[in-house]
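Here is the structure we will look at, set down as C-alpha cells.
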There are 2 protein chains.
Amino acid sequence: MNKQTNSGSYDLSDFLPYLMTQAADQLSMEFQTYYREKYKMLRTEWRVVFHLGTFSELTAKDICERARIHKTKVSRAVSALDEKGYLTRKIDTNDRRHTVLHLTKAGEEVFVDLRDAAMGFDAKLREELSDEDFEVLHRLLLKYAKL
Amino acid sequence: MNKQTNSGSYDLSDFLPYLMTQAADQLSMEFQTYYREKYKMLRTEWRVVFHLGTFSELTAKDICERARIHKTKVSRAVSALDEKGYLTRKIDTNDRRHTVLHLTKAGEEVFVDLRDAAMGFDAKLREELSDEDFEVLHRLLLKYAKL
DNA sequence: TAAAATTCGTTGCAAATGAAACGATGTCAA
DNA sequence: TTGACATCGTTTCATTTGCAACGAATTTTA
C-alpha cells in the first residue's frame, strides 16, 4: 500500500511535509538559477516583481499579505529592486505611512521575461502529466497552500 | 480549464514551483514548531536525528547524500546535536577521515518522539484525502523529489 | 615511493534571515 | 484637543546559511 523500503519502519519519504519540501526544492532549482544568474535577484525580489507586474500598483503591505512574506524581507527586497532601477516608490499623499510601488520600464521588462520563463517551465511540467494527475496535484496544493 | 483569477493573466498560483513551495511551507509549519519549541532543534538537526534513528550508524557524508543537505549544514547540525548530548562521534579506524555517528539513549528518545509525532501528523493528513488523491499526490511528489 | 590529486569534515567570512524595537504617521476615545 | 493606541515600513542585532579555503587522511599517478 505504501512505499516503505524497510518493512515496519517509517521512512522520511512517507512524511508528506518533508517529501513536499524536497519536491518543491527540486522544482524551484532550475528557475531559481535563471533569475539569480540573469538578474542577480533573490527569491523574494522575483516574487515582488511578479506581484507588481501582475497588479501594477501595490504597497509593501499588500505584497506581504498576497505573498505571505514577512515585511522585513519585503522591505529589503523593495530596497534592492529600487537600487537596481526596477521600481519606484511614491508616498501616498492621503496616508503618508503608505508607499505605493510600481515597476519602471526596466522592471517591466524583467517581469515579462521572468513571467514568460515561468509559463514556459510550467507548460513543460504540465505536458508530462495527464490531465487527471494535474488536476489532483493542483487542487491539493492549492488546498494546502491556503492561497 | 485553469484557475486564473484575471482572464488572460498568468497568476503566481499557476506556477507549480511557487505553489508547491507555499504548500510545503504551510504543511511544515506545525511540525516545525513542535521540534523547535520542545527540543530547540533546527530543521537540519531533526533530519539528521531522523536518519540516524532509522539507519543507526551513518557518517556525515551518508547523511548528506541521503538527505541532500550540504556538508556544511550537516557538520554544524552534528556539532549541535553532540553538544545537546543526542549523538556520539567515533572515528573510523579503517579510514580515519570518516566519523561514524550514532544516537545516544537521549537522542534515541528524541527520535522516537519526533517520529511518532510525524507519523501522527501524516496519518491526520491522509485521513482527509481519498485513496486516489493520496496515491496521485504521493507518486508525483516522489517523482519530483527524485528520492 | 614521492608527488599530486581526492575525500571527509571543519572553519572563517560574507550574505541572508527572523525577531524585536523604532520613528513617523494616522486613528480613536476621553 | 490631547493622550493612548494602531499601522507602515525601516533598522538593528543575533542567528542561520552558503561559499571557499583549509587540515588531515587516504588514494592515485608518475
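Read the figures in this text as sums done on the coordinates, not as results from a lab. Bear in mind the structure is a predicted one, so any value in this text is a computation, not a measurement. All Cβ positions, even for glycine, are placed from backbone atoms using ideal geometry, and neighbour counts span all protein chains on display.
Based on this model, can you work out whether A:Val49 counts as more than 9 Å from DNA strand C (Cβ to nearest atom), more than 14 Å from chain B (Cβ to nearest Cβ) and either farther than 24 Å from B:Gln26 by Cα or not in a strand (DSSP E or B) (or both)?
Values: more than 9 Å from DNA strand C (Cβ to nearest atom): yes; more than 14 Å from chain B (Cβ to nearest Cβ): no; either farther than 24 Å from B:Gln26 by Cα or not in a strand (DSSP E or B) (or both): yes.
It is false that A:Val49 is more than 9 Å from DNA strand C (Cβ to nearest atom), more than 14 Å from chain B (Cβ to nearest Cβ) and either farther than 24 Å from B:Gln26 by Cα or not in a strand (DSSP E or B) (or both).
Of the residues that sit in the stretch B:52-62 and are more than 8 Å from DNA strand C (Cβ to nearest atom) and within 14 Å of chain A (Cβ to nearest Cβ), which one is surrounded by the fewest Cβ atoms within 10 Å (Cβ to Cβ)?
Pass one, the stretch B:52-62, residues more than 8 Å from DNA strand C (Cβ to nearest atom): B:52-58.
Among the residues that remain, those that are also within 14 Å of chain A (Cβ to nearest Cβ) are: B:52-56, B:58.
Values: B:Leu52: 23, B:Gly53: 19, B:Thr54: 17, B:Phe55: 14, B:Ser56: 11, B:Leu58: 18.
The extreme case among them is B:Ser56.
(1) surrounded by fewer than 16 Cβ atoms within 10 Å (Cβ to Cβ); (2) more than 15 Å from DNA strand D (Cβ to nearest atom); (3) part of a loop (DSSP other than H, G, I, E, B): which one isn't true of A:Tyr10, the others all being true?
(1)
Just checking, does the stretch B:63-81 include any residue being over 20 Å from A:Gln26 (Cβ atoms), more than 16 Å from DNA strand D (Cβ to nearest atom) and not polar (S, T, N, Q)?
no
Considering (1) touching a residue at least 24 places away in the same chain (Cβ under 8 Å); (2) within 11 Å of DNA strand D (Cβ to nearest atom), say which one B:Asp95 fails and leave the rest.
(1)
When the residues of the stretch B:20-42 are narrowed to those that are closer than 14 Å to A:Phe15 by Cα and more than 7 Å from chain A (Cβ to nearest Cβ), which ends up nearest to DNA strand D (Cβ to nearest atom)?
Within the stretch B:20-42, the match that is nearest to DNA strand D (Cβ to nearest atom) is B:Gln32.
I'd like to verify a number: residues in the stretch B:69-123 that are under 16 Å from the mean Cα position of the chain (by Cα) and among the hydrophobic types (A, V, I, L, M, F, W, C), how many?
Number satisfying all stated conditions: 13.
Please list, ordered by residue number, the helices (runs of 4 or more DSSP H) wholly in the stretch A:63-147 having 3 or more residues that are away from every other protein chain (no Cβ under 14 Å), in contact with a Ser or Thr (Cβ under 8 Å, 6 or more places away or on another chain) and within 16 Å of DNA strand C (Cβ to nearest atom).
Numbers: elements: A:71-83, A:105-127, A:131-145.
Passing ranges, in order: A:71-83.
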